[in-house]
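> Here it is: the structure, laid out below.
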Amino acid sequence: MKTPTIAIVGRPNVGKSAIFNRLAERRIAIVHDEPGVTRDRIAAPCKITDIPCDIIDTGGIGMELDDGFHAQVTIEADIAMSSADMILFVVDARDGLTPTDEHLAQKLRRAKAPIFLILNKADHFEQELMMGDFARLGLGAGLPLSAAHGRGFGELADLIDETAQKVLDAATDEEEEIEEVVTREGLKVAIVGKPNAGKSSLINAILKDERTIVSEIAGTTRDAIDIPYTWGEENHTLIDTAGLRKRQQMDTSVEVFSAMRTERSIRRSDICLLVVDLAAGISTMDRKIAKTIKEERKPCLIVLNKWDLFHPGGSRQARLEEAIELIRTELFFLSWAPYACVSAKEGQHISQIFTQITKIRQAASKPITTGRLNRLLNDAIDIKPPSQHKKYKKRVKLMYATAVVNDKYTAIPVPQFILFVNDKKLMHEHYEQYLSNRIREQHNILGVPIVFSIRSRNQSKGGGTHSGGDLGRAADEKE
């Protein structure tokens with residue numbers, strides 16, 4: 001079940017960490033009067049609510065910034081808007097309204113999550129009479145409380161519970177709606193591969209009839225053909241595509257347009273079956289199609305066809321090991337894609353395809369939580385810290401990470417991993433791959449690409465080059 005997430009946002013020294021500690025009922029975040037003491041992202045379960053929630057303290061980042069708080073509050077707002085189900089916007093009731101508060105409020109108003117204005121340091125009732133200025137933020141009158149004395153936290157707990165229940169109800173409705181859509185329409189499965197790899201034979205084997213034309217002549221299928229197919233209780237769509245050849249080898253404009261339609265079919269699919277002629281080996285065109293799937297960020301299953309013709313005299317285990325070595329070497333950039341060894345012509349092992357698709361869907365339905373993701377990346381960085389960038393003479397520092405699924409109606413969701421860093425120019429591609437491998441080692445993301453979105457803390461300076469806090473350790477995550 002979904003665990004609602006609460007982000008605590010505000011300019012430095014308004015008491016975010018003190019509120020965090022009250023909600024967590026633990027002294028996790030360091031509380032100090034000096035602005036910017038909290039350099040790390042900290043997450044913990046909320047202990048004062050009836051409904052389990054995770055709270056995130058978006059503490060001060062990099063107080064050495066030349067342009068004051070602008071970049072800091074911008075990144076805090078981005079974090080909150082990207083990952084939170086509700087946002088606690090904390091202001092200092094004693095200081096009154098500041099330009100930084102107004103800037104942050106203006107940015108937060110674009111968030112889809114509900115925003116609650118928290119008037120911290122309201123130690124006495126008399127102070128509430130002087131809080132009218134905060135109404136100018138357009139976020140209501142606000143909730144007065146005192147983190148130092150525990151005042152107002154009962155009302156805050158009730159507010160969180162009420163909102164968390166709405167979040168859970170909406171999530172349930174959404175899951176039911178998605179389940180209904182998926183159950184009714186199933187998957188759009190694009191079957192792609194080079195000419196004569198056996199795509200049409202595979203569809204015939206799946207359908208157990210002769211719905212598509214099968215021929216030894218390469219390029220028989222000129223168009224992308226949508227074929228309805230029922231598996232279990234779901235109505236899927238099989239998209240039979242024209243075999244892709246190198247552009248310079250295309251004989252006519254018909255083949256060129258067929259290739260364009262194939263590429264569009266990949267884009268509109270939920271999952272791609274990359275059909276490879278195992279007996280012929282991996283070709284340049286196989287790698288090109290595989291890269292198209294990777295670039296389109298599509299889930300993928302590699303179908304090793306003509307298994308019956310692949311070293312037929314050897315033992316099954318030896319053949320299997322050689323086949324795996326072949327695809328992992330030649331299609332190394334699709335190392336995350338599982339495989340199925342089949343013989344479409346002979347109708348052998350076809351059921352493996354939908355068994356693997358089911359595993360991919362099940363893995364995609366269990367996304368990694370924010371807390372676990374941050375802990376995992378912290379551990380990865382401890383094991384292998386990033387190297388210094390040769391040009392900029394600095395190291396990339398990750399401050400916070402979250403996983404977001406952009407299209408809620410996709411049958412197999414592909415998460416986007418948003419990494420907030422001090423300067424995205426410092427991120428090496430090989431280090432991204434290292435982090436990707438670590439995520440896969442610790443979390444089952446079968447058949448789905450890992451997509452990183454690297455975001456600089458200081459966007460206003462072309463990505464920023466200021467150093468900042470390390471990735472915060474997500475403590476005591478409630479799964």
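The values are calculated or read from the model by the stated rules, or taken from the named source; none is laboratory data. In this text the structure is predicted, and so the values were computed from the model without any measurement. Counting neighbours? That spans all protein chains shown, and the Cβs are built from the backbone with ideal geometry, glycine included. Quick note on the areas: whole protein, heavy atoms, side chains included, nothing else; ligands and nucleic acids left out. Shrake-Rupley method; radii C 1.70, N 1.55, O 1.52, S 1.80 Å.
> Output the pairs from LYS166/LYS298; LYS306/LYS359; LYS208/LYS366; LYS107/LYS294; LYS188/LYS291 with a Cα-Cα distance over 28 Å in this structure; if there are none, say none.
Values: LYS166/LYS298 32 Å; LYS306/LYS359 23 Å; LYS208/LYS366 33 Å; LYS107/LYS294 34 Å; LYS188/LYS291 20 Å.
The answer is LYS166/LYS298; LYS208/LYS366; LYS107/LYS294.
> Amide H to amide H under 5 Å from HIS389: which residues, 5+ apart in sequence or cross-chain, H placed 1.01 Å off N in plane?
Those lying under 5 Å, H to H, from HIS389 are LYS394, ARG395, VAL396.
> Per residue, what accessible area does segment 370-456 have, given a 1.4 Å probe and all protein chains present, in Å²?
Here the residues of segment 370-456 average 45 Å² of exposed surface.
> Report, ordered by chain and residue number, the lysines lying within cross-link reach of LYS393, taken as a straight Cα distance under 20 Å and ignoring same-chain residues fewer than 8 apart.
Once the sequence-local lysines are set aside, what remains near LYS393 is LYS384, LYS424, LYS425, LYS461.
> Under a crude label model (7 Å from the Cα following the beta-carbon direction), how far is ASP123 from ASP158 in nanometres?
About 2.6 nm separates the two model spin labels.
> So, with a 1.4 angstrom probe, what is the percent of accessible area on segment 335-455 that is carbon and sulfur?
47 percent
> Working out 0.36 nm times the residue gap between ARG264 and THR355, then minus their Cα-Cα distance, what length gain in nm do you get to one decimal?
Stretched out fully, the ARG264 to THR355 stretch lengthens by 30.2 nm.
> Moving on to the next point. List the residues, sorted by chain then number, that are 5 or more residues from LYS47 or on another chain and whose placed amide H is less than 5 Å from its amide H.
ALA24, GLU25
> Quote the FRET efficiency, to the nearest 0.05, computed for VAL451 versus PHE332 with a Förster distance R0 of 25 Å and r equal to the Cβ-Cβ distance. Don't jump to the answer; show the numbers that get you there.
Numbers: r = 18 Å, r/R0 = 0.71.
Step by step, r from the Cβ atoms, then E = 0.90.
> How would you order 268-276, 389-397, 287-295 from highest to lowest mean count of nearby Cβ atoms within 10 Å?
On the way: 268-276: 25.1, 389-397: 14.7, 287-295: 18.3.
The densest-packed peptide leads the list: 268-276, 287-295, 389-397.
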